[in-house]
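The values are calculated or read from the model by the stated rules, or taken from the named source; none is laboratory data. In this text the structure is predicted, and so the values were computed from the model without any measurement. Cβ placement follows ideal geometry from the backbone for every residue including glycine, while neighbour counts extend to all protein chains displayed. Side chains included, ligands, DNA and RNA excluded: accessible areas come from the protein's heavy atoms. Shrake-Rupley method; radii C 1.70, N 1.55, O 1.52, S 1.80 Å.
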Amino acid sequence: MDQFRLHRSCSWPGILLLALVLTGCSSGGPQAHFPLAGPGLHRAIAGGSQGTIYSWWVPANARGAQPSLLLWDGSTVAVADPAGTDQEFTPLNDGLHCGQVALAPDGHAFACSQSASNQSSILIKSLDDLDKDPQTLSFGSAPFAWAPDSQHLTYLHSDLSGSGSTCSVLIADTSSNAPSSNTEMLLSAIPFNTALGQTASSCPVASLAWSPSGDQVAATLATAQGVNLEVFHIDQAGAPATVAGVYLLPGIALQEADTMTTPSLFWSPDGKVLAALTGYQRGIEDGLYLLPAGATAPLTEPHLTDVGEGAALAFSPDSHWLAVGTVGHTIAGENATLQVYDLGQFKPQSLGEMLVVGASLGWSADSATLAAASAAKRGIVLWSWPAAAFKQLIADQDIAHLHQLAWSPDSTRLLFSEGSHINGPAYDELYVQAIPVPPGRTTTLVLPEWFADVTGLMPTLWLGVGGLIFVWLLIALLLVLRDLQLSQRTRALVRWTLGAGPLLCGAVVLTFGELPDWLERLYQHYSLSLCQGSPTLTCTRAGALSLLTIVGPLVLVILVMLVGALIAGRRVQPVPVVQIPIRRPVPLAPKPAHGEEQLLLPPPQAEERSGFDMVPLWEEDDPPERR
């Protein structure tokens, strides 16, 4: 016991170090709040949103303001800095609540639809002057669309008076002081019905879209027989619009299958092709129809995958290519096949599998890079075009929760929003990734599926290891304070725990948030040598070696603690006393006196000549002098 008390007095430095580390262990370390942490990546918006975040790039205005991002979470609108980090969702100063949002092409303002119990309206809010009161289009509602001149806005106007409710499609001049009175009629007196699947009758106009040239407007109307696609020619001189074509498409309006904010009309940048979508199976599959300029009927193309957020479809900025996520054979984890159409011949080319989770396709401004979400590759895949070659992978464990993917106008940044992440709490964020991606966490190689799963779970597993070490330290500390009668082996284990345990706990806390980054960097480094950096084949050996490099030191330290405690705690065996045999000399017979006859004694018997006698060094009755 005295030995253990002495050791306990010498262990107070270790206990003080333990007290400094326990706070970090008990807090669980930093929260796993970032799905990505690579270089060149900025998080523009953090928690606090009410729903899925959608973004628009707002270019620098004439007043010299820097580019910004317009954000909308399904209700609230906010403005953020593309280079900002960890910004909270801060609404605009007037607290707009919008059911649908559309940004003007030049970024000077946005349109916002607001609905009330007795009246709906559209607000035109200036982004050049946020303190300026918005303009109001009374009895206006979505859908609406901006003209390329960023001055005219096409919207719905409802007339609820009289015996039957009707709606009209108007074109308002937002540059005037009274845009409600300065309008042009496109469609009028459309009777309400229930074709959009609503319980009450509503305006059947489902979507509106201006052509890039500004001389055509496309509209879709839901009917009991299908979807009417109508194209109107707009006379720049102010003459009434004329009907350029009416086409009946099979299926139902996409807004009935998903939401009213889901886009279903897409013009190519040169205005020569109009793509229209209709719903086939609710929330699962959409029909794709292409209307080339001068065609008398739309071309029917393969159906597209739709998971309830709209189908993945994107025209290249040079109007040469159309990328879509089509229904077809898919590998595990994917739900669509990525196809790219050559619009000159309408001939598709399959690139591979992809994950359709909404607007998950995006072309760079120079039409040289196509970005697509991939569940099997666990990230955003970048394809070089027109070579159709794998270029790079931006690793992301939360790719299944991506909502939107887009590019900045100069192709230097990739925008993508995500929500409802695996590791709680649930939140929604917008990320801005610098392109080309600087070397770091992002990898150009495909991660093995098992390695990607372990990488995603590693922060949670590491937190569990930290908790076990904390409990181990706590038990050791209690044993020291209670001053119990412990065995020698237990005392040795306590000494090793108080010595190395705080260091282990500190290492877990400091490395908790960096593990996914380190694992993917190690995988990238090892795979270059073990698997020759193949971008299409996974490298299992590199994944196993990466895990061993991270987990190995921790396991080694724990083994050293246990083995050291076992060695130091061995019971010392007593040394046995060995009796050394002593040769006892035979006393000599006294020499006979002179003249006396020496007696001849017979030789000793055999048993008397057996060897030396084993006797103690002294006898109890020996005198002290002999001792």
For the subset of region 294-308 comprising residues that are in contact with an Asp or Glu (Cβ under 9 Å, 6 or more places away or on another chain) and either open to solvent by 50 Å² or more (accessible area, probe 1.4 Å) or not in a strand (DSSP E or B) (or both), which member is modelled with the highest pLDDT?
His303
Need a quick list: strands (runs of 3 or more DSSP E) entirely within region 328-407 having at least 3 residues that are touching a Pro at 6+ places or on another chain (Cβ under 9 Å) and in contact (Cβ under 8 Å) with a residue 40 or more places away in the chain.
389-395
Do you know which of the residues in region 329-367 that are open to solvent by 40 Å² or more (accessible area, probe 1.4 Å) and under 14 Å from Asp286 (Cβ atoms) is nearest to the chain's Cα centre (by Cα)?
Ala359
Sort out which residues of region 309-322 are under 26 Å from the mean Cα position of the chain (by Cα) and either more than 20 Å from Gly333 (Cα to Cα) or open to solvent by less than 30 Å² (accessible area, probe 1.4 Å) (or both), and write them in order of number.
Gly310, Ala311, Ala312, Leu313, Ala314
Tell me, yes or no, whether region 207-215 has at least one residue that is open to solvent by 30 Å² or more (accessible area, probe 1.4 Å), among the small types (Gly, Ala, Ser) and in contact (Cβ under 8 Å) with a residue 60 or more places away in the chain.
yes
Condition met for Leu291 (outside any loop (DSSP other than H, G, I, E, B), closer than 17 Å to Pro263 by Cβ, touching a strand residue (DSSP E or B) at 6+ places or on another chain (Cβ under 8 Å) and open to solvent by less than 10 Å² (accessible area, probe 1.4 Å)):
no
So, of the residues in region 250-276 that are open to solvent by 30 Å² or more (accessible area, probe 1.4 Å), within 31 Å of the chain's Cα centre (by Cα) and of a type outside the set (D, E, K, R), which turns out to be modelled with the highest pLDDT?
Phe266
What are the residues in region 139-184 that are open to solvent by 50 Å² or more (accessible area, probe 1.4 Å) and part of a strand (DSSP E or B), if any?
His152, His157, Asp159, Thr183, Glu184
